[in-house]
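Report on one structure; see the data block that follows.
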Amino acid sequence: MSSNTRGDVDAVVDVVVVGAGLAGATAARELAEGGLRVRVLDKGRGPGGRLSTRRVDGGSFDHGAAALQADDPSFVAWLEAQRAAGRAALTVPGWVGVPGMNALVASLLEGLDVHWSTTVTALESAEGAWCVRDESGAALASARGVIIAIPAPQACALLGTLAGGMEADVQSLVQRLAGVRYAPCWAGLLAVDDDGAARAAPFHVVDGLEAVVREADKPGRVGLGYWVVHASAAWSDAHLELAAVDIAPKLAAMLAAAIGIEPGRIRSASAHRWRYARPMGGVEAEAADGIEGLAIAGDAVGWRPGGHAAEQAWRSGRTAALRVMGMLLRSASRG
């Protein structure tokens, strides 16, 4: 993967993918395997999105999704292939990436043109071509197609920068995406001294705490004493706008109470806010059908009650890639 290779930021490619979570990475891989030139742009510092892994001296934290659930036979088959390649394992809670959750996304992006720490703030479309720009107005790439694989509120803001003959179709899509609501989640990344006696279950019930995960219980992890906690959606929403430095001690106290240790045994604590942790509704992939060359992806695209977020993100990425490839093929045949 390229990383912040800015010398050719205004390159002409076939498709630009905005977002390098599971949905965007899946779309990018499908496009590349279809023979298209793809550029992936992501505001983060590395692969993962909600499957992110933060590495520290001696261990790591899967501070996004702790495990994946899978029912779709195609998604299960993909995960089985990842297991055969040593990048995944099936555990009691579900599927996990090895050695971290982000290994699943990193494998999809391997060998592709990916630019990290790159925020797309504007889209332009004219005469069958797309241009994506950053906050300074500089062009990041020009392409015949674009896939937006970011949370619905962020997609709304990006689509709102479009103008021209597609205004009605874009406005309709924006309105539908604007109706998507998300449950937030504050995640705590906590290092505990001498945690050998603390087990993954059972835990004491702690108000406001939804999940407690000891990283050492997952296959392929190294080091003891690394824990992740997820606050409930209600607690996270009530504390959503606080700073991470103020949230971390609260989550540390929750962990101490949950696993029955003295708070002083927690040697370090940090927090990460997932503002768009879990969609509470969604839109159909067909919502973008009126916009030539554009597709949307993510766990809110094709959402259904009771569905699994990662599975839906993966499926939507494949659908978006096939949709864009089909549009480009039809456009080429007309030309």
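If a residue must be under 22 Å from the mean Cα position of the chain (by Cα) and open to solvent by less than 80 Å² (accessible area, probe 1.4 Å), how many such residues does segment 203-213 contain? Steps first, answer last, please.
Quick first cut of segment 203-213, residues under 22 Å from the mean Cα position of the chain (by Cα) only: 210-213.
Okay, now just the ones that are also open to solvent by less than 80 Å² (accessible area, probe 1.4 Å), so 211-213.
The qualifying residues number 3.
Yes or no: segment 10-30 includes at least one residue that is in a loop (DSSP other than H, G, I, E, B) and open to solvent by 20 Å² or more (accessible area, probe 1.4 Å). Break it down stepwise before answering.
Filtering segment 10-30 for residues in a loop (DSSP other than H, G, I, E, B) gives 10, 19-20.
Narrowing the set further to residues that are open to solvent by 20 Å² or more (accessible area, probe 1.4 Å) leaves 10.
Scanning segment 10-30 turns up at least one residue that is in a loop (DSSP other than H, G, I, E, B) and open to solvent by 20 Å² or more (accessible area, probe 1.4 Å).
With respect to residue 317, determine if the residue is within 20 Å of residue 154 (Cα to Cα) and either surrounded by 24 or more Cβ atoms within 10 Å (Cβ to Cβ) or under 23 Å from the mean Cα position of the chain (by Cα) (or both).
Numbers: within 20 Å of residue 154 (Cα to Cα): yes; either surrounded by 24 or more Cβ atoms within 10 Å (Cβ to Cβ) or under 23 Å from the mean Cα position of the chain (by Cα) (or both): yes.
For residue 317, the condition - within 20 Å of residue 154 (Cα to Cα) and either surrounded by 24 or more Cβ atoms within 10 Å (Cβ to Cβ) or under 23 Å from the mean Cα position of the chain (by Cα) (or both) - is met.
Six or more apart or on different chains, Cβ under 9 Å: which pairs go from a residue in segment 148-161 that's farther than 19 Å from residue 277 by Cβ and open to solvent by 40 Å² or more (accessible area, probe 1.4 Å) to one that's part of a helix (DSSP H, G or I) and hydrophobic (A, V, I, L, M, F, W, C)? Could you list them?
From segment 148-161, the pairs are 160/170; 160/174.
Could you tell me whether any residue of segment 277-287 is more than 20 Å from the chain's Cα centre (by Cα) and either among the hydroxyl-bearing types (Ser, Thr, Tyr) or open to solvent by 50 Å² or more (accessible area, probe 1.4 Å) (or both)?
Looking only at segment 277-287, we keep the residues that are more than 20 Å from the chain's Cα centre (by Cα), and these are 286-287.
From the residues that got through so far, the ones that are either among the hydroxyl-bearing types (Ser, Thr, Tyr) or open to solvent by 50 Å² or more (accessible area, probe 1.4 Å) (or both) too are 286.
Scanning segment 277-287, I find at least one residue that is more than 20 Å from the chain's Cα centre (by Cα) and either among the hydroxyl-bearing types (Ser, Thr, Tyr) or open to solvent by 50 Å² or more (accessible area, probe 1.4 Å) (or both), so the answer is yes.
Can you give me the number of residues within segment 36-47 that are more than 30 Å from residue 229 (Cα to Cα) and either open to solvent by less than 60 Å² (accessible area, probe 1.4 Å) or β-branched (Val, Ile, Thr) (or both)?
Within segment 36-47, the first condition is being more than 30 Å from residue 229 (Cα to Cα), and the residues that meet it are 36-40.
Those still in the list that are either open to solvent by less than 60 Å² (accessible area, probe 1.4 Å) or β-branched (Val, Ile, Thr) (or both) too: 36, 38-40.
Residues in segment 36-47 being more than 30 Å from residue 229 (Cα to Cα) and either open to solvent by less than 60 Å² (accessible area, probe 1.4 Å) or β-branched (Val, Ile, Thr) (or both): 4 in total.
Can you tell me which of (1) without any contact (Cβ under 8 Å) to a residue 60 or more places away in the chain; (2) open to solvent by 10 Å² or more (accessible area, probe 1.4 Å) is the one residue 252 doesn't meet?
(1)
Within segment 48-76, how many residues turn out to be open to solvent by 60 Å² or more (accessible area, probe 1.4 Å) and without any contact (Cβ under 8 Å) to a residue 24 or more places away in the chain? If you could, list the steps in order and put the result at the bottom.
Start the filter on segment 48-76 by keeping residues that are open to solvent by 60 Å² or more (accessible area, probe 1.4 Å), which leaves 50, 54-55, 57, 69, 71, 73.
Now drop any that are not without any contact (Cβ under 8 Å) to a residue 24 or more places away in the chain, which leaves 57, 73.
Looking only at that region, the number is 2.
For the structure I just gave you, tell me whether residue 87 is under 21 Å from residue 184 (Cβ atoms) and not aromatic (Phe, Trp, Tyr).
In short, no.
Looking at segment 110-135, which of its residues are over 23 Å from residue 153 (Cβ atoms), surrounded by fewer than 23 Cβ atoms within 10 Å (Cβ to Cβ) and modelled with pLDDT of 95 or more?
As a first pass, look at segment 110-135 and keep what is over 23 Å from residue 153 (Cβ atoms): 110-114, 126-129.
With the extra rule that they be surrounded by fewer than 23 Cβ atoms within 10 Å (Cβ to Cβ), the set shrinks to 110-113, 126-129.
Answer for segment 110-135, where residues must be over 23 Å from residue 153 (Cβ atoms), surrounded by fewer than 23 Cβ atoms within 10 Å (Cβ to Cβ) and modelled with pLDDT of 95 or more: 110, 111, 112, 113.
What residue, among those in segment 77-104 that are more than 23 Å from residue 30 (Cβ to Cβ) and free of Cβ contacts under 8 Å to residues at least 12 places away in the same chain, is surrounded by the fewest Cβ atoms within 10 Å (Cβ to Cβ)?
The qualifying residue surrounded by the fewest Cβ atoms within 10 Å (Cβ to Cβ) is 92.
For segment 130-172, what are the residues that are more than 22 Å from residue 23 (Cα to Cα) and of a type in the set (Ser, Thr, Tyr)?
Going residue by residue through segment 130-172, those that are more than 22 Å from residue 23 (Cα to Cα) are 135-139, 161-169, 171-172.
Across segment 130-172, the qualifying residues are 136, 161, 172.
Hey, does segment 41-53 have a residue that's closer than 24 Å to residue 276 by Cβ, within 19 Å of the chain's Cα centre (by Cα), among the aliphatic types (A, V, I, L, M) and in a loop (DSSP other than H, G, I, E, B)?
Of segment 41-53, the ones closer than 24 Å to residue 276 by Cβ are 41-53.
The next check asks that each one be within 19 Å of the chain's Cα centre (by Cα); those that pass are 41-53.
Checking which are among the aliphatic types (A, V, I, L, M) leaves us with 41, 51.
With the extra rule that they be in a loop (DSSP other than H, G, I, E, B), the set shrinks to none.
Checked against the condition, which is being closer than 24 Å to residue 276 by Cβ, within 19 Å of the chain's Cα centre (by Cα), among the aliphatic types (A, V, I, L, M) and in a loop (DSSP other than H, G, I, E, B), segment 41-53 yields no hits at all.
The values are calculated or read from the model by the stated rules, or taken from the named source; none is laboratory data. Note that the coordinates shown come from a computational prediction; the quantities given were computed from them, not determined experimentally. Glycine also receives a Cβ, built like all others from the backbone with ideal geometry; neighbour counts cover every protein chain displayed. What goes into the accessible areas is simple: the full protein's heavy atoms, side chains included, and nothing from ligands, DNA or RNA. Shrake-Rupley method; radii C 1.70, N 1.55, O 1.52, S 1.80 Å.
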